[in-house]
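Q: Here it is, the structure in full.
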Amino acid sequence: MLKVKELNIIFQDRGKPETAVKQLSFDMREGERIGIVGESGSGKTMTALAIAGLLMRKDVKKQGEILWEGKNILSFHNKELCQYRGKEMGMIFQEPMTSLNPVKKIGWQMEESLRIHEKFTKKERYERAIAQLMEVGLLDAKKVYHQYPHELSGGMRQRVMIGAALICNPKLMIADEPTTALDVTVQDQILQLLKKRNKEKKTGILFISHDLELVQKLCERVIVMHKGMIVEKGLAREVFTSPSHEYTKKLIASIPKVERRKGDSKLG
Amino acid sequence: MRKEKKRSFLLGASILIVLFCFVLSSFFYMPYDPNQMDNANKFAGVSFAHWMGCDNFGRDIYSRILQGTRTTFLVAFFTIIIGGGIGTAVGAITGYFGGWIDEILMRLNDAVAAFPNFLLALVVISLIGPGTFNVIMALGIVFIPGFARIARGEFLRCRNMDYVKSAKLMGAGPFRIIIFHIFPNTIPVLLSAVTIGFNNAVIAEAGMSFLGIGVQPPDASLGRMLSEAQAYLFSTPSYAFFPGMVVVLLVLGFSLLGNGLERKA
Ligand SMILES: Nc1ncnc2c1ncn2[C@@H]1O[C@H](COP(=O)(O)OP(=O)(O)OP(=O)(O)O)[C@@H](O)[C@H]1O
Ligand SMILES: [Mg+2]
């Protein structure tokens with residue numbers, strides 16, 4: 001489904017070029033859950049943006065290929081990009097507080113992808129939006145539909161974002177640290193939500209986080225990034241129980257003890 | 001502070017609503033034909049029959065003020081539609097896309113904005129001739145750069161917002177983003193620009209009609225009336241006083257309204 005081949009991302013805007021991502025390659029099959037972990041500044045977000053086709057600025061140089069069903073996203077035209085985004089791929093990111101338009105009702109924002117990609121009637125859109133809000137756990141959907149973002153909590157907004165990103169049934173969902181701004185219980189709920197979606201509709205999930213624990217809860221395979229490069233990749237279980245790279249070991253060691261045991265027991 | 005803004009907004013709004021009601025009422029009831037001359041009533045003072053008096057041709061000043069305010073509103077309204085509409089569109093495109101489009105359009109904008117507003121309107125009028133319609137065109141053109149600048153700033157501010165990124169990720173194209181996603185967020189700021197623009201349009205129309213290049217006789221406009229009244233400033237002060245009052249109230253109303261809107265944004 002998705003094949004990233006020797007991707008380099010080079011910033012050229014400030015005098016000397018700066019490489020944010022180096023020789024990154026990985027494959028993703030339909031319905032897979034892949035996690036990308038790494039410390040701050042390791043290039044996770046840049047990778048995600050490139051895959052989402054959002055890194056189209058001229059001053060950012062991209063080398064290599066990102067193949068979506070065999071076609072290179074990096075050479076997509078604007079039209080093709082708009083077709084791809086929202087319909088084939090959905091993405092959410094860290095800031096649920098600001099990712100929703102403050103002056104638009106939740107319902108309108110939920111329906112936006114449908115208006116762009118589908119030829120639905122108003123009523124069909126409404127029904128889809130309500131169903132989708134229910135699916136992401138906003139059970140009071142009819143009320144939420146008519147609310148504005150500032151009336152919702154962070155967790156609810158992130159649910160709305162997930163719902164809006166998934167409403168056209170994309171094959172891939174990119175989640176860039178979707179839970180960092182949320183408290184722990186809400187974090188778990190969001191993870192459950194993504195997992196459920198993956199199980200039920202075979203939506204592939206590319207989950208990005210600096211939190212190893214979350215990644216091992218959700219993902220089957222994991223990619224560890226450091227300074228723009230992949231230092232280790234493999235099955236989540238194997239990487240966590242027997243890390244081969246120094247950097248991964250350090251990352252694992254930095255998880256607080258209690259949490260680690262909890263995670264271990266889940267694996268065993 | 002907030003309360004003050006609110007009070008300013010309410011006061012401005014009420015002044016304008018009252019004026020607007022007067023203008024509206026004139027469509028149903030106008031005491032006299034505003035252009036009807038009457039030799040017997042030349043310079044008539046304030047009375048029950050003509051409660052703002054009559055002018056040098058014996059025309060009823062109250063009726064002429066209603067007619068004139070109508071014209072002034074009309075000119076201001078269409079000026080804003082033209083100037084605000086085109087200006088916002090230009091600003092939206094340059095602000096959102098940036099790059100060479102921005103470079104070219106904003107240079108052009110600066111060139112136009114370099115001339116004082118009123119002077120530029122005079123130049124345009126001298127090219128296309130006087131008259132109500134031409135005043136609207138001239139002022140509309142003159143107002144474009146101001147609106148463009150404000151709109152550009154707003155779109156520049158908004159284009160890197162997360163919700164714009166979300167919209168892109170849903171597959172929205174640039175024009176969809178500009179119109180449906182960013183524009184609603186710029187309305188508060190644009191609205192306060194509109195009130196200021198209205199004000200300037202009222203003053204500019206009055207000024208141009210005063211100079212005799214705006215609304216042409218015998219039609220009434222507030223500026224024209226002031227211009228005609230100045231010869232009789234001492235003999236018949238009511239002639240200049242009432243239209244002058246209305247201009248002051250209009251300007252005050254829009255200023256207060258704009259003031260109240262400004263910080264709310
Ligand atoms: N505008 C820019 N110009 C130059 N370099 C940049 C620019 N933006 C980002 N970078 C580089 O890209 C690198 C990767 O950033 P990225 O946001 O992908 O990290 P990340 O792994 O997502 O970190 P975080 O966990 O903090 O989100 C950074 O180290 C930074 O040096
Ligand atoms: Mg990041």
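Q: Of all residues being of a type in the set (A, V, I, L, M, F, W, C) and within 16 Å of ligand 1 (Cβ to nearest atom) in region A:25-47, which is farthest from A:Thr203 (Cα to Cα)? Just the residue, please. Before you say what the answer is, go through the steps one by one.
A: Quick first cut of region A:25-47, residues of a type in the set (A, V, I, L, M, F, W, C) only: A:26, A:28, A:34, A:36-37, A:46.
Applying the additional criterion that residues be within 16 Å of ligand 1 (Cβ to nearest atom) yields A:26, A:34, A:36-37, A:46.
Numbers: A:Phe26: 18, A:Ile34: 11, A:Ile36: 17, A:Val37: 20, A:Met46: 22 Å.
Among those residues, the one meeting the criterion is A:Met46.
Q: Which members of region B:218-241 meet the condition of being in a loop (DSSP other than H, G, I, E, B) and either over 23 Å from B:Ser47 (Cβ atoms) or in contact (Cβ under 8 Å) with a residue 60 or more places away in the chain (or both)? Before you say what the answer is, go through the steps one by one.
A: Here is the first cut: in region B:218-241, the ones in a loop (DSSP other than H, G, I, E, B) are B:218-221, B:233-236.
Residues satisfying the conditions are B:Pro218, B:Asp219, B:Ala220, B:Ser221, B:Ser235, B:Thr236.
Q: In region A:51-85, how many are acidic (Asp, Glu), surrounded by 11 or more Cβ atoms within 10 Å (Cβ to Cβ) and within 12 Å of chain B (Cβ to nearest Cβ)?
A: Number satisfying all stated conditions: 1.
Q: Determine whether A:Leu24 is more than 16 Å from the chain's Cα centre (by Cα), more than 9 Å from chain B (Cβ to nearest Cβ) and open to solvent by less than 10 Å² (accessible area, probe 1.4 Å). Let's see the steps before the verdict.
A: Details: more than 16 Å from the chain's Cα centre (by Cα): yes; more than 9 Å from chain B (Cβ to nearest Cβ): yes; open to solvent by less than 10 Å² (accessible area, probe 1.4 Å): yes.
The answer is yes for A:Leu24.
Q: Would you please name the residue that is nearest to the chain's Cα centre (by Cα), looking only at residues in region A:199-213 that are farther than 18 Å from A:Met1 by Cβ and within 14 Å of ligand 2 (Cβ to nearest atom)? Steps first, please.
A: So in region A:199-213, the residues farther than 18 Å from A:Met1 by Cβ come out as A:209-213.
Checking which are within 14 Å of ligand 2 (Cβ to nearest atom) leaves us with A:209-211.
On the way: A:Ser209: 9, A:His210: 13, A:Asp211: 14 Å.
Checking each candidate, the answer is A:Ser209.
Q: Let me ask another. Failed condition for A:Ser99, given (1) in contact with a Ser or Thr (Cβ under 8 Å, 6 or more places away or on another chain); (2) within 16 Å of ligand 1 (Cβ to nearest atom); (3) open to solvent by 30 Å² or more (accessible area, probe 1.4 Å), with all others met?
A: (3)
Q: Hey, another quick one. Would it be correct to say that A:Ser42 is more than 11 Å from chain B (Cβ to nearest Cβ), within 16 Å of ligand 2 (Cβ to nearest atom), in contact (Cβ under 8 Å) with a residue 12 or more places away in the chain and of a type outside the set (A, V, I, L, M)?
A: Numbers: more than 11 Å from chain B (Cβ to nearest Cβ): yes; within 16 Å of ligand 2 (Cβ to nearest atom): yes; in contact (Cβ under 8 Å) with a residue 12 or more places away in the chain: yes; of a type outside the set (A, V, I, L, M): yes.
Judged against the criteria, A:Ser42 is a match.
Q: Need pairs with beta-carbon distance below 8 Å; first residue free of Cβ contacts under 8 Å to residues at least 12 places away in the same chain and within region A:9-32, second of a type in the set (S, T, N, Q) and more than 10 Å from ligand 1 (Cβ to nearest atom); sequence gap 6+ or separate chains.
A: Matching pairs, first to second residue: none at all.
Q: Can I ask one more? Among residues belonging to region B:168-204 that are in a helix (DSSP H, G or I) and at the interface with chain A (Cβ under 7 Å from one of its Cβ atoms), point out the one that is surrounded by the fewest Cβ atoms within 10 Å (Cβ to Cβ). Even if it seems obvious, please write down each step before you answer.
A: Filtering region B:168-204 for residues in a helix (DSSP H, G or I) gives B:168-169, B:174-204.
Remaining after also requiring at the interface with chain A (Cβ under 7 Å from one of its Cβ atoms): B:168-169, B:181, B:184-185.
Numbers: B:Lys168: 23, B:Leu169: 25, B:His181: 24, B:Pro184: 13, B:Asn185: 19.
Among those residues, the one meeting the criterion is B:Pro184.
Residue-wise test of (1) surrounded by fewer than 19 Cβ atoms within 10 Å (Cβ to Cβ); (2) more than 29 Å from A:Gln23 (Cβ to Cβ); (3) within 16 Å of ligand 1 (Cβ to nearest atom).
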{"site": "A:Pro170", "(1), (2), (3)": "no, no, no"}
{"site": "A:Gln192", "(1), (2), (3)": "yes, yes, no"}
{"site": "A:Asn198", "(1), (2), (3)": "no, no, no"}
{"site": "A:Leu214", "(1), (2), (3)": "no, no, yes"}
{"site": "A:Arg221", "(1), (2), (3)": "no, no, no"}
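Q: Also, I was wondering about something else. In region A:4-19, is there at least one residue being away from ligand 2 (no atom under 16 Å from the Cβ), loosely packed, with under 15 Cβ neighbours inside 10 Å and within 12 Å of chain B (Cβ to nearest Cβ)?
A: Taking every residue of region A:4-19 in turn, none turns out to be away from ligand 2 (no atom under 16 Å from the Cβ), loosely packed, with under 15 Cβ neighbours inside 10 Å and within 12 Å of chain B (Cβ to nearest Cβ).
Q: While we're on this one: Among the candidates B:Val124, B:Val135, single out the residue that is open to solvent by 10 Å² or more (accessible area, probe 1.4 Å) and part of a helix (DSSP H, G or I). Spell out the reasoning first.
A: On the way: B:Val135 fails: open to solvent by 10 Å² or more (accessible area, probe 1.4 Å).
So the residue among B:Val124, B:Val135 that is open to solvent by 10 Å² or more (accessible area, probe 1.4 Å) and part of a helix (DSSP H, G or I) is B:Val124.
Q: Next question. Residues in region A:94-130 that are touching a residue at least 60 places away in the same chain (Cβ under 8 Å) and facing another protein chain (nearest Cβ under 7 Å): how many?
A: Filtering region A:94-130 for residues touching a residue at least 60 places away in the same chain (Cβ under 8 Å) gives A:94-97, A:99-100.
Add one more test, that the residue is facing another protein chain (nearest Cβ under 7 Å), and what stays is A:95, A:99-100.
The total comes to 3.
The values are calculated or read from the model by the stated rules, or taken from the named source; none is laboratory data. If you're wondering where the values come from, they're calculated on a predicted model, not measured in any experiment. When we count neighbours, we look across all protein chains shown, and the Cβ atoms used for this are built from the backbone with ideal geometry, even at glycine. To get the accessible areas, we keep the full protein, side chains included, count just its heavy atoms, and leave off ligands, DNA and RNA. Shrake-Rupley method; radii C 1.70, N 1.55, O 1.52, S 1.80 Å.
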